[in-house]
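Remarks on the structure that follows.
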Amino acid sequence: MQASLFVGSHLRRDLLILLALAAVGLLVPHLLNRGLIFIAGMVWINAVFGLSFNLLFGTSGVLSFGQAMFYAAGAYATAVFTQQLGWPLVPSLLIAAIAGGLLAGCIGFVALRRSEGVYFSILTLAFAELVHLLVANTGFLGKNDGLSALPRPRFSLGGWGWDLSRGDTFYYFIVLVSVALIALLRWVTGTGFGRALQAIRQDPERAEFLGIPVQRHRWMVFTLAGATTAAAGSLVAPWAQIVTPELAHWSQSTNPILYTLLGGSAYFWGPVLGAIALSTVFYVTRTLVGLSDLVTGLLLLLVVLALPGGMLGVLSRWTTRSRPAHHKPQEPRP
Amino acid sequence: MNPANRRDILKYGAAAAASTLSLPGLNLAHAQAGPLKIGLITPLSGPQEFIGSYVKNGAEIAVDQINKAGGIQGRQVALEIRDDKANPAAALAAARELLGAGINLHTGGISSAVVLALIPVMQQENGVFMTCGAGTEKMNHENYSPNLFRPGDAPDARGRAQARLMAEKYPQITRWTGLIPDHEYGRTMWSIFVDGLLEFYPALTGKKPEILDPILLPYGVSDYRNSITQALRQQADGVYNATYGGDAITMFQQARGFGLMQRYKVVCDAANEFLVARGMKQQLPPHWTGMHYYAEANKGNAMSDRFVADYLAKTKDPEPLGWAAEAHASIYALAKAIEKGKSTDTKSVIANLKGLTWDTVTGSRTLRAEDNQAIKDVELVYIEPAATDKGYRVAQYQKVEGKSVLLPASPGKKLVLRTA
């Protein structure tokens, strides 16, 4: 069996890429205006959102159509804890991630026991819609208006403090947290657990036969992806300073899928590239009122039809054309 | 990774970085040069595009007129237009982008949720925002910010004027309900209207009105049949509608099939002006509606006459609706404040907008210094179906003096209202 590029090889290369991304990310406030810094912050958050989705889809072959519910859970948990309960930021973020993990654990426990494949995907969509309706009808969460004017509180650790409401400091905080989350996701991919997930994706029956507890592993990775997705969502609340039920809408669940398909689901960095590319498209088409969605849709259609391996698939073919291929990536099958 | 591969990555990376930095719109400079840019953030897609397009046209006409007259302090004016989709998150992203590009003066915003969401970012990033129709009273009360202005109708003035009119015209109709979208604007307008009913009915008719629980309509849906059925079960004589824009047209169309509006002796609509009438034509249920500006009633005002002529030339529409007039008024208010202070600096513009008296298509208005709310007369019309080209006609027009219905300023404090 050929290994996919997803397997935990190239650790050093991935570490260098992460460091390079972090360096570029930290330079952004020195190069771009405040409006673009805001978009850059969203790109980091979306990159973690996309990578969390691809930990499910690309690594273990579990396709969820409802990841927005965890994203919204993280965002709303942070909003409630920081604004309404006045908690410090770090415990709020941790609680948000735990909330997402717990929600994913509960939903995964029900959905993964009862279904798999496309049935599981539809079930996650149904659960996400349920969460969306609950959020939109809960007075405590601001109903359809959501919660606005959210604070960017002070970050303090021991005697050391960092005022995140001033200047671009919250952007740096997003970069640091996102880098840590990306490192965590990359580390998980390379562990024995990550390799077992890839075995499950390639052939669940054979994996089961080899002694891998398929159901438990799927539940664990679904829970983990829920927690990291909620961690990404938790950064949105203080960054955008507003949370609305749209965060849990099904269209939000399509975002990480688009990032992944655009960048290349067979590659760890695929969703990151996809998030950057899609944000660039949104930015460039922002003044094409009424046409921006059309342009974005056509572009995605083009990529899916012409570049089935995503952008990294094309890049990979270019770089390996002149030399014997060491690795032939395999597309995950849901 | 072999060396050749690394070189390739460096090469492609450098090319990508170079192309990214050369993208148009990456404004590295913060200060504005060239024309004076004003941000226009309003819905240009989705169900509220109906209203947003009026805002855009009104603002563009004001800018054209000002530019033809020599600009503001000799500088030409240009609009930077962004679609907020009536969505707070999209509006915030647009506002941050424009503020980041050095544009500090903004107008637009017809959604209450959008305006409330923009308050912190305008304060943090030192911007000014003029709403062209958002009805939340919170922006003048508990969420008051010096950076936000409402150059048009106040929700308390509008809702109380409508309640007073109902008490004057329909003293026998004392059993009221509402068709209220379950969001900030809907709840605000209902609360104020109820407050007005509870004040004016006893004062003018000696009767205490009976207020039924309003029907709360879900937000962001296209099917109101459940809510309509729920309304059919109520025995009310008067109804107050606060759905607006494309949502209102959908709701009125669906209600027609059930004969809902025909059950009420009077229908009072908060703010749709002629939108529902234009959508339904002769199938329109007769109703009162609030107008930011009714062109016919402002004939003879030179500014209004010119606005109507310019609007017709630009859009082939002879009857601009109120949101266009509010956008027009907001641009002229900014222009006058800049000229008064001889500066586009946020601090100076805010200082000169406060207490500003300026000419508009509805006559002279004053921005109350305490809470940034315009003191403006409320215009109300009664529309009914008619065998005309438009399919409807204005049967009655009523102007209510703004000062007589506007509640006193109380920035920073929650508005206290009577409840049923």
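Points worth noting:
- Being within 14 Å of chain B (Cβ to nearest Cβ), surrounded by fewer than 16 Cβ atoms within 10 Å (Cβ to Cβ) and under 22 Å from A:Ala230 (Cβ atoms) holds for only one residue in A:Leu164, A:Leu141, A:Leu150, A:Leu133, and it is A:Leu133.
- Test: residue in the stretch A:121-132 that is under 23 Å from the mean Cα position of the chain (by Cα), over 27 Å from B:Ala113 (Cα atoms) and without any contact (Cβ under 8 Å) to a residue 60 or more places away in the chain: yes
- The one condition in (1) among the β-branched types (Val, Ile, Thr); (2) open to solvent by 10 Å² or more (accessible area, probe 1.4 Å); (3) part of a strand (DSSP E or B) that B:Val381 fails to fulfil: (2)
- For the stretch A:52-96, a residue qualifies if it is in a helix (DSSP H, G or I), within 13 Å of A:Ser265 (Cβ to Cβ) and among the β-branched types (Val, Ile, Thr), and exactly one does: A:Thr59.
- Filter pass, A:Tyr119 being under 30 Å from B:Arg82 (Cα atoms) and among the hydroxyl-bearing types (Ser, Thr, Tyr): no
- Condition met for B:Ala297 (closer than 19 Å to B:Leu165 by Cβ and assigned to a helix (DSSP H, G or I)): yes
- Residues of the stretch B:213-251 classified as in a loop (DSSP other than H, G, I, E, B), under 25 Å from the mean Cα position of the chain (by Cα) and surrounded by 16 or more Cβ atoms within 10 Å (Cβ to Cβ), total: 9
- Pairs are defined by a Cβ separation below 7 Å, a sequence spacing of at least 6 or placement on different chains, a first member in the stretch A:12-28 that is surrounded by fewer than 16 Cβ atoms within 10 Å (Cβ to Cβ), and a second member that is among the hydrophobic types (A, V, I, L, M, F, W, C) and assigned to a helix (DSSP H, G or I); the pairs so defined are A:Leu26/A:Val175.
- From the list A:Ala111, A:Ala75, the one residue that fits, being within 14 Å of chain B (Cβ to nearest Cβ) and crowded, with 17+ Cβ neighbours inside 10 Å, is A:Ala75.
- In the set B:Ala325, B:Ala409, only one residue is open to solvent by less than 50 Å² (accessible area, probe 1.4 Å), closer than 30 Å to B:Gln283 by Cβ and outside any strand (DSSP E or B); that residue is B:Ala325.
Here is a yes/no grid of residues against (1) under 21 Å from the mean Cα position of the chain (by Cα); (2) buried (at least 24 other Cβ atoms within 10 Å of the Cβ):
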site: B:Ala271; (1), (2): yes, yes
site: B:Pro286; (1), (2): no, no
site: B:Tyr293; (1), (2): yes, yes
site: B:Ala313; (1), (2): no, no
site: B:Asp317; (1), (2): yes, no
site: B:Lys354; (1), (2): yes, no
site: B:Thr357; (1), (2): yes, no
site: B:Thr362; (1), (2): yes, yes
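- Every residue from the stretch A:228-286 that is surrounded by fewer than 22 Cβ atoms within 10 Å (Cβ to Cβ), modelled with pLDDT under 90 and either of a type in the set (S, T, N, Q) or in a loop (DSSP other than H, G, I, E, B) (or both): A:Ser251, A:Thr285, A:Arg286
- Applying the condition of being assigned to a helix (DSSP H, G or I) and within 14 Å of another protein chain (Cβ to nearest Cβ) to the stretch B:128-151 and asking which residue is farthest from B:Ala95 (Cα to Cα) yields B:Lys138.
- Test: residue in the stretch B:172-182 that is within 25 Å of B:Ile249 (Cβ to Cβ), without any contact (Cβ under 8 Å) to a residue 60 or more places away in the chain, crowded, with 23+ Cβ neighbours inside 10 Å and not hydrophobic (A, V, I, L, M, F, W, C): no
- The listed residues are B:Gln254, B:Gln282, and the only one of them that is at pLDDT below 95 and either open to solvent by 30 Å² or more (accessible area, probe 1.4 Å) or of a type in the set (Val, Ile, Thr) (or both) turns out to be B:Gln282.
- Residue in the stretch A:170-186 that is assigned to a helix (DSSP H, G or I), in contact with a strand residue (DSSP E or B) (Cβ under 7 Å, 6 or more places away or on another chain) and either modelled with pLDDT of 90 or more or open to solvent by less than 10 Å² (accessible area, probe 1.4 Å) (or both) present: yes
- For beta carbons closer than 8 Å, sequence separation of 6+ or different chains, a first residue in the stretch B:405-420 that is at positive phi and a second that is in a loop (DSSP other than H, G, I, E, B), the qualifying pairs are B:Gly412/B:His141; B:Gly412/B:Glu142; B:Gly412/B:Tyr144.
- Some residue of the stretch B:152-165 being surrounded by fewer than 24 Cβ atoms within 10 Å (Cβ to Cβ) and more than 10 Å from chain A (Cβ to nearest Cβ): yes
This table checks each residue for (1) more than 21 Å from the chain's Cα centre (by Cα); (2) within 8 Å of chain A (Cβ to nearest Cβ); (3) assigned to a strand (DSSP E or B); (4) buried (at least 23 other Cβ atoms within 10 Å of the Cβ).
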| site | (1), (2), (3), (4) |
| --- | --- |
| B:Ile66 | yes, no, no, no |
| B:Ala78 | yes, no, yes, no |
| B:Arg82 | no, yes, yes, yes |
| B:Ala95 | no, no, no, yes |
| B:Leu99 | yes, yes, no, yes |
| B:Ile110 | no, no, no, yes |
| B:Leu118 | no, no, no, yes |
| B:Asn126 | yes, no, no, no |
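- If you go through the stretch B:77-106 and keep only what is in contact with a Pro (Cβ under 8 Å, 6 or more places away or on another chain) and under 22 Å from B:Ala309 (Cα atoms), you end up with B:Val77, B:Ala78.
- Qualifying residue in the stretch A:229-245 (condition: within 30 Å of A:Ser316 (Cβ to Cβ) and either without any contact (Cβ under 8 Å) to a residue 12 or more places away in the chain or over 13 Å from the mean Cα position of the chain (by Cα) (or both)): no
- Test for B:Lys390: is it basic (Lys, Arg) and either more than 30 Å from B:Asp269 (Cβ to Cβ) or at pLDDT 95 or above (or both): no
The values are calculated or read from the model by the stated rules, or taken from the named source; none is laboratory data. All values derive from a computational prediction rather than experimental measurement. Methodologically, a virtual Cβ is constructed for each residue, glycine included, from the backbone with ideal geometry; neighbour enumeration extends over all protein chains shown. Quick note on the areas: whole protein, heavy atoms, side chains included, nothing else; ligands and nucleic acids left out. Shrake-Rupley method; radii C 1.70, N 1.55, O 1.52, S 1.80 Å.
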